[in-house]
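First the structure, in the form of structure tokens, and then the observations on it.
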Amino acid sequence: QVQLVESGGGLVQPGGSLRLSCAASGSLSSIYFMGWYRQAPGNQREFIARIESSGTTDYADSVKGRFTISRDNAKNTVYLQMNSLKPEDTAVYYCHRRDLEYNYWGQGTQVTVSS
């Protein structure tokens with residue numbers, strides 16, 4: 001079993017920055033994808049960014065150039081640095097990890113971009 005604990009959400013003004021963290025614990029595979037999704041009220045959950053165990057990264061077009069995903073292997077932690085935030089980035093952000101054929105989700109952290 002794998003547990004994911006997110007932190008770092010909050011309220012920020014448009015143009016501001018936030019960094020989300022997601023710490024994984026439990027029986028972790030050395031082969032994995034780990035990343036972030038978000039869900040705004042009335043919308044479906046959407047993919048934002050991921051990093052593979054190889055180090056390859058991928059981003060949604062809506063966040064390319066503004067968001068950066070990174071990791072600390074020693075801490076089993078993934079980070080999402082979010083810059084130039086827009087009101088449309090407001091959502092609950094969920095950490096996701098795929099180990100082999102299993103999917104795990106964090107509890108979600110609220111990000112609100114508003115003046």
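The values are calculated or read from the model by the stated rules, or taken from the named source; none is laboratory data. Remember, predicted model here, so these are calculated numbers, not experimental data. Every residue, glycine among them, receives a Cβ derived from its backbone with ideal geometry; neighbour counts consider all protein chains shown. Remember, those area values only see protein heavy atoms, side chains included, never the ligands or the DNA or RNA. Shrake-Rupley method; radii C 1.70, N 1.55, O 1.52, S 1.80 Å.
Looking at this structure, is Q3 in contact (Cβ under 8 Å) with a residue 60 or more places away in the chain, under 22 Å from V113 (Cα atoms), out of contact with any Pro (no Cβ under 9 Å at 6 or more places or on another chain) and open to solvent by 50 Å² or more (accessible area, probe 1.4 Å)?
no
Pick out the one residue from D72, D89, D99 that is open to solvent by less than 30 Å² (accessible area, probe 1.4 Å) and more than 25 Å from T112 (Cβ to Cβ).
Matching residue, one of D72, D89, D99: D99.
When segment 83-115 is limited to residues that are in a strand (DSSP E or B) and out of contact with any Leu (no Cβ under 7 Å at 6 or more places or on another chain), the one that is farthest from S27 (Cα to Cα) turns out to be A91. Only one of the numbered conditions (1) open to solvent by 60 Å² or more (accessible area, probe 1.4 Å); (2) free of Cβ contacts under 8 Å to residues at least 60 places away in the same chain is not met by Q13, and that is (2).
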